[in-house]
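The block underneath contains the structure these notes are about, expressed in structure tokens.
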């Protein structure tokens with residue numbers, strides 16, 4: 001592992017991440033990616049520590065990724081899924097968190113459909129003066145920092161595998177396409193991708209991309225551009241990130257039909273002609289094939305980084321657990 | 001670990017626990033609490049053993065506590081939750097237990113909404129002449145022995161942290177308040193808290209505390225008192241245990257309203273004035289804030305032992321798994 | 001472990017298993033059964049590997065058996081249950097599998113209500129050129145190879161515990177009784193039990209045993225016989241395997257009543273008089289007592305191998321994970 005001066009105790013948002021912090025995460029994740037290529041993909045770093053996955057909103061993909069990351073660091077894991085749980089009967093979320101604290105949890109990975117819950121729990125832990133760390137695994141439409149970091153790691157690792165770092169993004173053009181209004185993934189990515197001199201272009205139908213997004217990141221070195229059509233966002237892009245479209249948006253009258261959405265904003269081989277020739281496509285998953293992205297493009301390793309993102313996810317989450325976990329125990 | 005002459009193979013009820021057994025559990029739990037304060041909170045005691053959590057009634061809190069205890073003893077754990085399970089389709093509970101036995105389970109931790117199920121399974125295991133141990137994690141309204149023991153450990157540890165033992169309770173006055181009729185926690189606590197010369201006072205509305213409770217523990221050295229009002233139970237008390245109130249009791253016409261219940265039997269700062277000045281409050285959780293106990297009192301570390309109880313739970317369950325587990329393998 | 005020349009990468013079906021492969025599984029399982037009798041029932045074989053149980057159809061029994069087998073080989077396990085999962089929202093099954101691949105899964109244990117799903121996933125993995133192995137844990141009404149192998153191991157181990165092998169079945173008469181039409185267990189067993197010179201007799205009501213079953217295994221050395229009554233199948237049998245009866249079959253008008261089914265095809269002590277005196281009875285579980293088999297017979301260790309089957313299941317699944325896992329990592 002790289003020598004590090006990591007001091008952040010919780011990982012709740014990317015809004016105030018520094019360049020040094022981004023680079024430390026990227027470099028630490030690169031070290032763990034190397035561990036994952038060994039025959040025995042396990043290190044004893046967090047032996048005897050407990051990582052509790054408190055998923056008040058169900059998720060298999062993110063929970064499995066954190067679980068595998070924790071196990072590869074030799075931590076013990078506990079899974080809490082509120083749908084199958086009786087713990088919250090009449091109990092507040094803070095009380096549930098305090099129960100897991102009192103059981104000896106060292107790191108809490110928290111997902112909740114309401115924005116701000118991981119922050120509130122972290123605050124309470126700090127108020128109590130305890131050492132437990134909180135990791136936001138997605139809160140409402142607010143943030144999903146580990147997803148933002150794994151997307152960043154995926155891109156930077158492609159640009160320079162042995163030494164991924166933020167400055168590699170300088171001068172690149174990146175497009176984020178889709179349901180930006182409701183996406184916590186987009187919000188975390190806006191922070192990370194505007195942390196250096198990158199051109200970040202957001203594209204969506206007006207119902208999914210209100211003008212106020214122009215305000216995001218206006219104090220950041222990167223430049224943010226809004227588009228209500230796909231074409232101008234794609235032009236000359238190095239990377240295109242598409243977002244998952246919740247089908248519930250249709251019933252809320254925000255979109256006419258999946259077919260029309262795909263026609264206008266779905267990423268296809270022909271639309272990619274507008275981008276740089278080496279363009280790559282990302283998607284946080286799970287993908288609705290033929291909606292956000294055409295099926296053949298998704299499976300084309302020349303363009304799709306979707307599998308890389310999942311693999312990066314484990315390395316990045318190992319890095320995050322390591323950085324906040326080893327800070328805590330040393 | 002203390003040298004021990006433990007011979008009990010299953011832990012099903014506290015009704016026939018001896019003073020020596022209580023003291024062995026308390027002293028063993030104290031040793032494990034010391035392990036939990038180390039950097040690596042893990043011991044190899046049960047390595048290669050399988051602890052199966054067979055929860056026919058859903059529970060996250062107790063299941064997580066047993067799971068974390070088992071993992072800290074290096075056991076492998078299996079979780080069975082009947083709500084998400086197809087195993088019981090047409091199969092008897094004894095057959096389900098025998099299936100987990102045949103898979104190589106060493107210790108079965110069993111919760112069931114029907115009283116007597118863990119006992120029936122333990123009997124069947126004995127009849128079969130196998131070494132598997134059964135631990136009752138709550139059966140109907142009958143008993144919840146590990147909760148009774150962790151409450152005892154919490155109180156005795158407060159009185160003398162380095163050497164918790166039953167005789168520390170001599171001469172103390174303890175009140176149990178709330179839905180005693182339906183509470184397996186109360187039943188287990190009545191056994192443990194009357195095992196020495198303690199004054200045990202039960203307080204509840206008449207619908208939740210029938211007179212027959214006076215018969216409980218009448219052959220025990222402790223004295224048992226019944227109150228249909230809170231005040232006389234609290235007077236001069238050293239410890240107050242409140243019980244969780246199932247909201248279903250309202251619909252069964254056993255209580256007028258939550259508000260009135262809180263007014264009459266809820267524990268508040270002002271009502272505690274009746275107790276000794278050093279009084280402490282316990283609750284098995286999860287808590288309905290503002291019903292069984294006022295919200296500010298619950299969060300006041302000067303009075304509330306609720307977080308200590310959760311922490312004690314892990315140490316006590318490690319002790320129980322160790323005592324029945326190491327008996328089995330030696 | 002025995003020296004082995006195992007080359008099969010996925011275990012999807014027993015249709016093309018060779019005698020050498022059967023014998024390697026049987027002999028490897030016998031070695032692991034020895035491990036399971038030790039005090040520390042654990043070997044480091046698959047340390048650092050990830051076994052993902054992807055159960056798109058719920059199952060506690062088979063999932064627990066695979067989980068315990070994986071843990072005893074020191075693998076890390078991940079459980080995916082589609083009922084509680086959001087991962088498949090709009091995502092194809094192949095995409096879900098590829099996500100677990102990208103997270104670093106080494107072995108996927110897959111159950112799906114649709115026949116052919118594990119095969120499709122295995123094909124996709126091979127197409128991608130990745131090393132991950134797929135193990136079919138039951139696909140629709142097609143196959144359940146690990147169950148077929150554990151039944152085989154149970155029988156051969158009884159005949160010669162120290163050296164179970166296929167040729168021990170030569171000259172034996174085995175009856176499979178019950179809902180053969182809908183049973184993936186029966187299909188896997190038909191392959192394994194006709195792999196040598198065994199007389200295999202199928203018995204069921206005509207609605208549950210169409211004539212086309214006579215075609216199965218017609219190119220195999222064993223002989224296959226169909227019976228629409230129980231008696232002729234049981235006559236002189238060495239082993240009787242009964243199958244689980246899904247109660248849904250009643251509503252589909254395939255059976256008149258459970259009572260009549262038990263009268264005609266349920267295995268009882270008196271019906272066993274037709275068999276050899278040393279006859280043994282098997283059932284894949286969970287059992288409907290008094291339907292497929294009489295309750296007292298099920299509990300009689302002189303006749304019933306049902307618990308042995310469950311124990312064999314862990315040893316056989318350890319063998320399968322070991323054979324495909326160690327092939328992969330060497």
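The values are calculated or read from the model by the stated rules, or taken from the named source; none is laboratory data. Note that the structure is predicted; figures quoted are calculated from it, not measured. Reconstructed Cβ throughout: ideal geometry from the backbone, glycine too, with neighbour counts over all protein chains shown.
Observations on the structure shown:
- Of the residues making up segment C:132-164, those that are within 18 Å of residue C:26 (Cβ to Cβ) and under 15 Å from the mean Cα position of the chain (by Cα) number 14.
- Test result for residue C:321, under 28 Å from residue C:108 (Cα atoms) and more than 13 Å from chain B (Cβ to nearest Cβ): yes
- Counted residues, segment A:33-46 - those being over 28 Å from residue C:56 (Cα atoms), over 19 Å from the mean Cα position of the chain (by Cα) and not in a loop (DSSP other than H, G, I, E, B): 2
- Test: residue B:297 is touching a helix residue (DSSP H, G or I) at 6+ places or on another chain (Cβ under 9 Å), over 18 Å from residue A:103 (Cβ atoms), assigned to a helix (DSSP H, G or I) and away from every other protein chain (no Cβ under 12 Å): yes
- Options A:129, A:90, A:116: the member that is in the same structural domain as residue A:324 (by TED's automatic domain parsing), over 24 Å from residue C:49 (Cβ atoms), within 24 Å of the chain's Cα centre (by Cα) and surrounded by fewer than 22 Cβ atoms within 10 Å (Cβ to Cβ): A:116
- Subset of segment B:120-132 [under 15 Å from residue B:96 (Cα atoms) and in contact with a helix residue (DSSP H, G or I) (Cβ under 6 Å, 6 or more places away or on another chain)]: B:121, B:124, B:132
- 1 or more residues within 22 Å of residue C:139 (Cα to Cα), at pLDDT below 90 and within 14 Å of chain B (Cβ to nearest Cβ): qualifying helices (runs of 4 or more DSSP H) within segment C:182-287: C:248-251
- Any hit, segment C:38-46, residues being touching a helix residue (DSSP H, G or I) at 6+ places or on another chain (Cβ under 6 Å), crowded, with 24+ Cβ neighbours inside 10 Å, farther than 25 Å from residue A:298 by Cβ and more than 9 Å from every other protein chain (Cβ to nearest Cβ): yes
- One residue stands out in segment A:300-310 among those that are out of contact with any strand residue (DSSP E or B) (no Cβ under 7 Å at 6 or more places or on another chain) and in contact (Cβ under 8 Å) with a residue 40 or more places away in the chain: the one that is farthest from the other protein chains (Cβ to nearest Cβ), namely A:308.
- Single residue of segment B:47-56 satisfying the filter (assigned to a strand (DSSP E or B) and in contact (Cβ under 8 Å) with a residue 60 or more places away in the chain) that is surrounded by the most Cβ atoms within 10 Å (Cβ to Cβ): B:51
- Sole residue being buried (at least 22 other Cβ atoms within 10 Å of the Cβ) and in the same structural domain as residue A:67 (by TED's automatic domain parsing), chosen from A:323, A:245: A:323
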